[in-house]
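The values are calculated or read from the model by the stated rules, or taken from the named source; none is laboratory data. Quick caveat: nothing in here was measured; it's all calculated off a predicted structure. Positions of Cβ are backbone-derived with ideal geometry, glycine not excepted, and every protein chain shown enters the neighbour counts.
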Amino acid sequence: MNHKVFAVALSIMLIALAVAANANSVSAYAPQSGDFFNYSETTTVNNGQNSYSGYTDQTQTTGTEKMNSISGSNVSTTYSYSSQFSNNQGLSFSNSSSGSYTWSTSSFTYVKGTDHQVGYTNPIYVWFGMNPSLPVGGTFYVLNTQFTVLSMNYSLQLPTEGNKYVQSIQTKGTGQYQRNDSYGLFTASYTWYEYFDPSTGYIIGYSYVEQDNGSYQGQAGSFTYTDNLYVTSTSYNLAPANPPPVNPIDTLLALAPYLILALIAVLFAVVIVVYASRRRRRMDTIPEHPLGPATLPRAPLSTPLESAIDLGSKPPPQVVIRDVAKVNCKYCGTLIPTTLDTCPYCGGPRR
């Protein structure tokens, strides 16, 4: 009895695996004759240091890739592009290329020729397509770089389509290589995000950032190389998507400068209020005194001079002059004698 149950369970499991495998194979898109995409690409060199200090350049490229015919798993494709280069030293020139090649839908590698891919080792994987049935965490290759699927439903903003959002498969690759070209001898480390259409596996766009450290004509230098590409029109429909949710941490970081300025303003206002409050409290401790000047003490009346003068019988009168010390009133500042208890001008107590 147990053997029969085990056999039935094994059969059910095998059938489920077969159905799942068939579902995956069905979900993978089969390229069709006439599939195409047009794209716009911008590469930039900036952030130079030492021998590259102050140097910048930019290359603007427009191109197209079109699938012409299908033979088994091989796709005959044509490509063309034109580019315009310029730098801050006044150099500028244009370039273009076109041709045909064959690639495989089973391995996603170039079979015969390439769309002008230079400097890569075989096998070279196509840069514009992937198997859209790969799950999150699945890996595949673009050119010579291994990528990992990060999300199956990523909202990608397309700057070439009015910044609208579309659904995409988000993938990421990293790597390092030795650059030896007209830029010089450099160790290049890069991070590469690429986005694909979930229904067909064709490209929607990518963002590539590379940091180069090395030397140019024997002098140390470094620079940043970026490459951003987005489709401008496609034979496959791009599904619209909602903008990604706003990260509150990103919002706080964006508002941080304004929050710091507001905090400084609040602290300054608090200091002003505290200072004014203490000054008012100190003024309130001064004792009140009459606003009008007090009546000045009257000097004694002088004795009238005698009319009879006897120079011989009486000694001359003696006049005693005394100096009286004076101090400034601490309320109004007027000099007053130290013999007085109150200021005769403002009425404030001397002590």
Show the residue pairs meeting these rules: Cβ distance below 8 Å; 6+ apart or different chains; first residue within the stretch 252-269 and in a helix (DSSP H, G or I); second residue β-branched (Val, Ile, Thr) and surrounded by 10 or more Cβ atoms within 10 Å (Cβ to Cβ).
none
Could you grab the pairs with beta carbons closer than 6 Å, sequence gap of 6+ or different chains, first residue in the stretch 160-181 and at pLDDT below 95, second one buried (at least 19 other Cβ atoms within 10 Å of the Cβ)?
THR160/TYR230
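Regarding THR226, is this residue outside any strand (DSSP E or B), of a type in the set (S, T, N, Q) and either more than 20 Å from THR42 (Cβ to Cβ) or in contact (Cβ under 8 Å) with a residue 24 or more places away in the chain (or both)? Before you say what the answer is, go through the steps one by one.
Working: outside any strand (DSSP E or B): no; of a type in the set (S, T, N, Q): yes; either more than 20 Å from THR42 (Cβ to Cβ) or in contact (Cβ under 8 Å) with a residue 24 or more places away in the chain (or both): yes.
No, not satisfied.
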Checked the stretch 182-219 for anything assigned to a loop (DSSP other than H, G, I, E, B) and in contact (Cβ under 8 Å) with a residue 60 or more places away in the chain; matches are TYR183, ASP197, PRO198, SER199, THR200, GLY201, GLN217
Set SER104, SER71, SER86, SER80: member being among the hydroxyl-bearing types (Ser, Thr, Tyr) and under 31 Å from the mean Cα position of the chain (by Cα):
SER86
Selection within the stretch 98-154 - touching a residue at least 24 places away in the same chain (Cβ under 8 Å), under 26 Å from ASN180 (Cα atoms) and polar (S, T, N, Q):
GLN117, ASN144, THR145, GLN146
Please count how many residues of the stretch 171-192 are closer than 25 Å to ASN131 by Cα and surrounded by 18 or more Cβ atoms within 10 Å (Cβ to Cβ).
4
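Can you report the number of residues in the stretch 102-150 which are part of a strand (DSSP E or B) and farther than 22 Å from LYS66 by Cα? Lay out the reasoning, then the answer.
Here is the first cut: in the stretch 102-150, the residues part of a strand (DSSP E or B) are 102-104, 109-112, 125, 129, 139-143, 145-150.
Now drop any that are not farther than 22 Å from LYS66 by Cα, which leaves 139-140, 145-150.
The total comes to 8.
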Failed criterion for ARG282 (all others in (1) assigned to a helix (DSSP H, G or I); (2) at pLDDT 70 or above; (3) not small (Gly, Ala, Ser) hold)
(2)
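Please state which one of VAL118, VAL111 is modelled with pLDDT under 95 and hydrophobic (A, V, I, L, M, F, W, C). Before you say what the answer is, go through the steps one by one.
Working: VAL111 fails: modelled with pLDDT under 95.
So the residue among VAL118, VAL111 that is modelled with pLDDT under 95 and hydrophobic (A, V, I, L, M, F, W, C) is VAL118.
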